[in-house]
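Asks: I have a structure I would like to understand better, so I am pasting it below and will then ask my questions one at a time.
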4 protein chains.
Amino acid sequence: MSQIRPAKAGPRTRLFQIIFESDTRLAKAFDIALILSILASVAIVMLDSVNRFKHYGDFFYIAEWGFTLLFTVELGLRLYCLERPLRYLTTFFGIIDVLSILPTWLALIIPGAQSLLVVRLLRVLRIFRILRLMQFVGEGRLLVDALKRSWHQILLFLCTVMMIVIIFSSVVYLIEPREAGFTSIPKAVYWGIVTLTTVGYGDISPVTPLGQFISVMVMLTGYSIIAIPTGVFSAEVIRSIRAERYSDEACPGCGYDRHERNARYCLRCGTWLNEETPDPRKVRRALSKPPSDRSDTDT
Amino acid sequence: MSQIRPAKAGPRTRLFQIIFESDTRLAKAFDIALILSILASVAIVMLDSVNRFKHYGDFFYIAEWGFTLLFTVELGLRLYCLERPLRYLTTFFGIIDVLSILPTWLALIIPGAQSLLVVRLLRVLRIFRILRLMQFVGEGRLLVDALKRSWHQILLFLCTVMMIVIIFSSVVYLIEPREAGFTSIPKAVYWGIVTLTTVGYGDISPVTPLGQFISVMVMLTGYSIIAIPTGVFSAEVIRSIRAERYSDEACPGCGYDRHERNARYCLRCGTWLNEETPDPRKVRRALSKPPSDRSDTDT
Amino acid sequence: MSQIRPAKAGPRTRLFQIIFESDTRLAKAFDIALILSILASVAIVMLDSVNRFKHYGDFFYIAEWGFTLLFTVELGLRLYCLERPLRYLTTFFGIIDVLSILPTWLALIIPGAQSLLVVRLLRVLRIFRILRLMQFVGEGRLLVDALKRSWHQILLFLCTVMMIVIIFSSVVYLIEPREAGFTSIPKAVYWGIVTLTTVGYGDISPVTPLGQFISVMVMLTGYSIIAIPTGVFSAEVIRSIRAERYSDEACPGCGYDRHERNARYCLRCGTWLNEETPDPRKVRRALSKPPSDRSDTDT
Amino acid sequence: MSQIRPAKAGPRTRLFQIIFESDTRLAKAFDIALILSILASVAIVMLDSVNRFKHYGDFFYIAEWGFTLLFTVELGLRLYCLERPLRYLTTFFGIIDVLSILPTWLALIIPGAQSLLVVRLLRVLRIFRILRLMQFVGEGRLLVDALKRSWHQILLFLCTVMMIVIIFSSVVYLIEPREAGFTSIPKAVYWGIVTLTTVGYGDISPVTPLGQFISVMVMLTGYSIIAIPTGVFSAEVIRSIRAERYSDEACPGCGYDRHERNARYCLRCGTWLNEETPDPRKVRRALSKPPSDRSDTDT
């Protein structure tokens, strides 16, 4: 949210602190109220779709409009207290804010559109702004670090898997009768992924011995290779945790900045790192040599 | 169970030791007998619900009442030998003890209630009191530590997942025909979780190509992200294991900081680690050499 | 197989080497032939049960008897070349050897019993005798170590899970209509495990909203807690691997035998471990003190 | 692809660089164009099998032949610019190149064969030639290392699992009625694997209490033992990561052996690690002090 800056004026800055930050008590209260109303509105959208609650239809309708107006006003305030309102609309949360009220307005034209209101849930992501306690961020960072370092291995993994699935699936498509549900290769691929991920709906399942043999291959593959992303990610998390063991303050001698927290000498230039206490080597040497020598060993 | 203290009187204290502790042979015997009768009573509750055993109904009925009376008496004794009986009823096990006999009494009024008697199983948790061997506790602690340190990462993970599922599900709800079983958003969410967790009942499954495509997305997500809680937890368990085997304080001689807790000399440079007490070697040496020598052995 | 010793006589000892050991070329050939015939016999048992192969019935029947006689003879030879034949029959492989031929003989009395012949597969475990290459054993040991150290944590985990499942299941049993398939608590528990393990047959699935809500709880539980045994086991495997880093040769000073392979001083008594080269401390000290001193520092 | 060498002649060498390498801009463009056309052709093969697109049949037919001719020409060029064309046809990619055009030609004789064209996907493996960035290869190597070191443990694991499944399945085959779908042992094994891998189609599921009990055993087994390959693989990945970051040779000064590869001084005792070349500090010091001083700084 770097590009979000409050407007100059006094009251708007104050409003900014309440709406966009969560340091003051008032701001926290606002955030919590917002999140609760988001959850409530989502609940209503969901219940609205249940048949047995049809006779509450009017209530839902009113509540729905209530929340929509509420969020519309809130968005208005957000834009009002910003220096660059339009730029906010291009941020992740800006887009979500709009999406979260658009459907109701659209529903005036297109019926059924308000089911999309669940997108409001994304606004709950704001909750993490409250949860931003030190440790929490710390651990969040660990996860993010690990994901960053493992994502393209896992992507590589998924691509390979997809290729295998597509090839296996089309073989099964050739083997299995159309009646078994393998009416097309895409459908067969759907079956293949249902099988590999061990979901196994059973809406489509092979009936020929050969088809069943191949699907057994797919199952065992899916059952075994799950170890790969898990292993990679575990390793990365562990690496991240260990990374915490390193201090990033630079060595006074050579500036190298990845020493273990308890390192006493720089691993690159051998400089004594602990600046509070004197270097034992120097002390020893000092005792056994003429002072004239000390100057050039200060590196 | 800190707030559980025996009553003053002699016999009640003795009873307390038998019922609440498991050090003496008699106490152990009591615990085991209790657990066996708990398991037996649960088995009877379960079998009682099976149709083919209907003609054993009377036997089950009697046994059921037998166990109920037994546990009622036991609870009475527990309360009797305690200093503060009522406070016990507020503890975890106190509540369970009551819950485990309540249903039968209730069943006199509400039929079918005794199916709830399986809650008795929770009393089996007492078994861990017996298994409290050193190592066992130790490892238990490891798990608990790891869970404590990873629970809110895993919670964070589950919340994010839930949001994704709800949004995907309602999109599928819009796409899929009602006949396919997606009769409401909550139902669609039920389907979404069935799919993401790779359970895949198949009681509801998408029929439209687009719906199937989205469900494939959900499956692959569920299949991949399981790596996250697993990775986090593995890392925490490993950290716990390492934490308990090694002390973190660095060797004064060379700074090596991964000594096993029982190390007395640094395994790298042989320096005496226990700084409170003097190094036996130096002491010995000191006794047998001129003071002039001591300086260079201080490294 | 410690209690297996060859008979005294010459030829029988030679036979022993061929049948029970796998060092000589002949012994290896015997093992491989044995394993192939085991696999073949199992294949035949399996194919025999397939309807479309019914007309090969006679061939299967003959082959079946062929293998049975073969294995009977083999067992005879095994017993013949042993010092204590009867004791062998009490070993794991002895029992399996008998089980693997018994069904066919039994089938003369009880029809259908020969389906049990698949137990022959267990004899394939002998294959590991061939695979007993150094590394293989090494890694096998790692796994076994890890399993040994993690089994009761995993057992503890499974017990807790079972209790949760039973309790959840009986609640669902109370909620769901009998038509949905929840005809008894054991059946509900069957459903519960099908759900928790994310197998999800779909032969029984909840139909009431409340039932579906609870099953969602069960699914999420099953989906998350898989992280626990995985984490524990991963940690143990890693610990085993690290354990390889320790040498188990005892310290000459105090006999402590868990030093890291590259340790130079005993972490308990500070003795110099590397016996080939002299202790630098002693050397330094030796240079700076009267010889009279050296004797008592040899500890 | 070591046995692939360009032909001597000038133009063909140039062509070789474009087709087989990906260093020049032109070569990269060629690779990308190739991959896109591969993906496009696969997409067409898949869509071709969908009923609702039947009326695009002619278009698909033409496009299909277009791609086939394109790939045929490409293969021709590949062979043309090689020194040993026939040898290329024996390489992995050579075989795939042929397989990826063969089906269309075959389809002139055998109808439906072109469904096998999805094998073209394998050609996309060429993509990794483009992605061959340093880090990427590095991480790929990590995975491969880990797989190499864990594959026969995982194989051992799968074999054991298969044996257990086969034995359990044939017991269930004996118990369950044929109507439940357990018509033969192979079918029962198919069910067993569907269950153990937690896929759970539900096309075959036990109906007798005993059968359901055994399948519960299978489920719990499958649910628990997934921890084994995951644990093994995680451990290996972690080992690979650590192996590459640290050198194993111990510091001559203090024996600490977990220095990062680029360390020049021991981070514990400041000793110069690179034994080939002299320590710059000592050199400097040597130049500026009397020889009598050198002895005690050799520690």
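Asks: If R0 is 25 Å, what FRET efficiency do you get for A:H55 and B:R178 from their C-beta distance, rounded to 0.05?
Replies: Computed FRET efficiency for A:H55 and B:R178 comes out at 0.85.
Asks: Sticking with the crude label model, points 7 Å out along Cα→Cβ, report the distance from C:H152 to A:L86 in nm, one decimal please.
Replies: 7.1
Asks: What does the copy distance list look like for B:Q17, label position 7 Å along Cα→Cβ, in nm and ordered from shortest?
Replies: Counterpart label points of B:Q17 in the remaining copies fall at 6.6, 6.6, 9.3 nm.
Asks: Projected onto the charge dipole of the stretch A:141-229 (+1 at Lys/Arg Cβ, -1 at Asp/Glu Cβ, origin at the Cα centre), which of A:L155, A:G222, A:V194 gives the Cα projection farthest towards the positive end?
Replies: A:L155
Asks: Distances from B:I109 to the same residue in each other copy, label points 7 Å out along Cα→Cβ, in nm, shortest first?
Replies: Copy-to-copy label distances at B:I109, shortest first: 6.0, 6.0, 8.4 nm.
Asks: May I ask you to give the percent of accessible area on the stretch B:69-109 that is carbon plus sulfur, with a probe radius of 1.4 Å?
Replies: Taking all protein chains in place, the stretch B:69-109 shows 80 percent carbon and sulfur surface.
Asks: Return the value, in Å² to the nearest 100, of accessible area buried between chains D and A (probe 1.4 Å, both sides summed).
Replies: That pair of chains buries around 5700 Å² in total.
Asks: Go through the stretch B:190-206 residue by residue and turn each phi into a ³J(HN,Hα) via Karplus (6.51, -1.76, 1.60, θ = phi - 60°); whole Hz please, and just put x for glycine and proline.
Replies: With coefficients 6.51, -1.76 and 1.60, one gets 3, 4, x, 6, 4, 7, 4, 7, 6, 6, x, 4, x, 5, 10, 8, x Hz.
Asks: Each residue of the stretch C:159-174 in order: what ³J(HN,Hα) in whole Hz does its phi give by Karplus 6.51 cos²θ - 1.76 cosθ + 1.60, θ = phi - 60°, with x for Gly and Pro?
Replies: My calculation for the stretch C:159-174 gives 4, 4, 4, 4, 4, 4, 4, 4, 5, 4, 4, 6, 5, 4, 4, 5 Hz in order.
Asks: Within the accessible area of the stretch A:141-229, what % is carbon and sulfur when the probe is 1.4 Å and the other protein chains stay in place?
Replies: 77
Asks: Whole-Hz ³J(HN,Hα) for each residue in the stretch A:177-187, computed from phi via Karplus 6.51 cos²θ - 1.76 cosθ + 1.60 with θ = phi - 60°, x for glycine and proline: what do you get?
Replies: With the stated coefficients, the stretch A:177-187 comes to x, 4, 4, 5, x, 7, 7, 7, 5, x, 4 Hz.
Asks: Evaluate the distance, in nm, between pseudo-label points positioned 7 Å from the Cα of A:L106 and of B:L77 along their respective Cα→Cβ axes.
Replies: The answer from the label model is 6.9 nm.
Asks: Any idea what the C:T160 label distances to the other copies are, label 7 Å down the Cα→Cβ vector, nm, shortest first?
Replies: Result for C:T160, in nm, nearest copy first: 2.4, 2.4, 3.4.
Asks: Same structure again: Using a 10 Å cut-off on Cβ to Cβ distances, tally the other chain neighbours for every residue of B:211-224 and report the average as a whole number.
Replies: 5
The values are calculated or read from the model by the stated rules, or taken from the named source; none is laboratory data. Since the structure is predicted, the reported quantities are computational estimates derived from the model, not experimental observations. As a convention, Cβ positions derive from the backbone with ideal geometry for all residues, glycine included, and neighbour counts pool all protein chains shown. Side chains are part of the model used for accessible areas, which takes the heavy atoms of the whole protein and leaves out ligands, DNA and RNA. Shrake-Rupley method; radii C 1.70, N 1.55, O 1.52, S 1.80 Å.
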